[in-house]
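Remarks on the structure that follows.
Computed from the coordinates by the stated procedures, all read-outs in this text should not be read as laboratory data. Owing to the predicted nature of the structure, the values given are computational and were not obtained by experimental measurement. Here the Cβ positions follow ideal geometry from the backbone for every residue, glycine too, while neighbour counts run over all protein chains shown.
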Amino acid sequence: MTTATQKPAPWGTESVRLTLFPLVALQSTETIAGMWRQMAGADPAETTSKPAVATHQVQGPFRDGMLIIGSQPGRVDVIYAAPPQPLSPEPATLGPYETVVSALLETVGFVLTDGPPLYRLALGCVFLTPTPDRAAGYRSLEPFLPCLKLEPENSSDLSYQINRPRQSLGPVDDLLINRISKWSVQLTTAMFSLGGGTGPSLLPLQRYAARLETDVNTGPREAELPRAALPALVDELRRLTFELAQAGDLP
């Protein structure tokens, strides 16, 4: 049984997202398609554009998963996500969180030096740890949530979200960093077809996983973030994300 001093198995990464908040509008798919080609070394497999609402998206296979780049008024999302597994209840993950998050940030680093001027940055991640049952999921979260009394054997439907903002220690003065984390136990169900008898029947298979969703971002501001400071700020967002995954909900 997990004790208050133990951590669950290393988090796997379902998705990692770097969000850019530019000071200039991106008007077409060509800009984000260019970003996609520079990251993946090929053309995206799918392109979607809705000019009436100024939203554009490109996506396709990337490394062990999918790369999705989408733009809408005021933001650009660069997402590296595990491939969908519609016929499997097992949580889809890309690998250990340190490796996956660092891989995306290193690949997209050119945007910080050559991209549009930015006034905010955000790093969002979804981490999963499979557990044998619901109670085990709650026990695995207990060390990360010292302010909550979970009672694993008699609890369900947990959805705990909190922001623990801190002042940035990076090169931009008087900059607030929001540290948003959302904790839950996820249930995934997939239906499998079994042949035999007078016809196929469906068998539900269920799997549980402890889930951590993070959004670590620079606070709102009206001025441009200095371009020379962007790599250090992204590294600070990464370190604070790792702190949430390693130490849990701490001030």
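Taking every Cα-Cα distance in region 96-151 and sorting them into 5 Å bins starting at zero, the pair-distance distribution P(r) comes out as 4, 13, 16, 15, 13, 11, 9, 9, 7, 2, 0 percent.
So what is the relative contact order of region 125-251, in percent, for Cα pairs below 8 Å that sit 6 or more residues apart? Relative contact order here is 30 percent. In this simple spin-label model, placing a label point 7 Å from the Cα along the Cα-to-Cβ direction at both A54 and L205 gives a separation of 4.6 nm. If the viscosity is 1.306 mPa s and the temperature 10 °C, what Stokes-Einstein diffusion coefficient in µm²/s follows for the chain when Rh is the Kirkwood radius over Cα pairs? In µm²/s, the coefficient rounds to 80.
Using the alpha-carbon positions of region 23-98, Rg (one decimal) and Dmax (whole number) come out as 13.8, 42 Å.
Distance between the 7 Å Cα→Cβ label points at D64 and L187: 2.9 nm.
Computed over the chain, the per-residue total of -39500 (n - 2.57) for DSSP H runs of n ≥ 4 gives a 222 nm mean residue ellipticity of -6500 deg cm²/dmol, rounded to 500. Among residues other than L67 with Cβ under 13 Å from its Cβ, the summed charge is -1 (Lys and Arg +1, Asp and Glu -1).
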